[in-house]
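A short reminder: the numbers here are calculations on the coordinates, not readings from a lab. For clarity, every value in this text was computed on a predicted model and none was experimentally measured. Here the Cβ positions follow ideal geometry from the backbone for every residue, glycine too, while neighbour counts run over all protein chains shown.
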Amino acid sequence: MKITGNIITLNESRHIEACIASLSQVCDEIIVVDSESSDDTVERAQAMGARVVVQPYLGDGPQKNVASAYASNAWILSLDADERLDDAMVAQIRALQEDASVDAYAFTLPDAR
């Protein structure tokens, strides 16, 4: 299963590299949809091999959906720049088998009680 990683950003230079590194564990390509950052988010993302699309902010949902127009893969994994995949999620994603009866997957955090 090939996966495109998607990250929406606005001035996320302090987070973008760790987020891309996290997604790179399971994604074949990374697309960053940047909302015209004034810091070096775009340059950092490009240096890590991400494809960057710069455009005005459309709202979280619409901005995340922009990546689908640029994605080479049918499966898209979207993270915010301050999110990371932990080892358990990476293992779970790697174990997934593409199933035509499934349209989407969701990950939830274990109950912290």
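Check which residues have an amide H placed less than 5 Å from Ile30's amide H, if you skip close sequence neighbours.
Long-range HN contacts for Ile30: Gly5, Arg51.
Which of the trypsin sites (Lys or Arg not before Pro) across region 9-74 are loop residues per DSSP, with 13 or fewer other Cβ within 10 Å?
Arg14
Tabulate in residue order the Karplus-calculated ³J(HN,Hα) for region 21-31, using 6.51 cos²θ - 1.76 cosθ + 1.60 with θ = phi - 60°, rounded to whole Hz; enter x for Gly and Pro.
With coefficients 6.51, -1.76 and 1.60, one gets 4, 4, 5, 5, 5, 10, 9, 7, 8, 10, 10 Hz.
Given H placed 1.01 Å from N in the peptide plane, which residues other than close sequence neighbours of Val54 have an amide H under 5 Å from its amide H?
It is Asp34, by chain and number.
For the chain, what is the mean residue ellipticity at 222 nm derived from helices alone (per DSSP H run of n ≥ 4: -39500 (n - 2.57); sum divided by total residues; nearest 500 deg cm²/dmol)? Kindly include the intermediate steps, with their values, before the conclusion.
Working: 4 runs with 36 residues, N = 113.
The per-residue figure over the chain is -9000 deg cm²/dmol.
Between the DSSP loop rule and a limit of at most 14 other Cβ atoms within 10 Å, which chymotrypsin sites (Phe, Trp or Tyr not before Pro) in region 39-89 are left? Numbers along the way, then the final one.
On the way: sites: Tyr57, Tyr70, Trp75; in loops: Tyr57.
Of the chymotrypsin sites (Phe, Trp or Tyr not before Pro), the ones in loops of region 39-89 whose Cβ has at most 14 other Cβ atoms within 10 Å are Tyr57.
With no solvent and one equal point scatterer placed on each C-alpha of region 1-96, evaluate the Debye formula and give log10 I(q)/I(0) for q = 0.11, 0.24, 0.25 Å⁻¹, two decimals.
For region 1-96, the Cα-only Debye profile gives -0.27, -1.26, -1.35.
Given H placed on each backbone N at 1.01 Å, which residues far from Ser78 in sequence or on other chains put an amide H within less than 5 Å of it?
Amide H neighbours of Ser78: Asn6.
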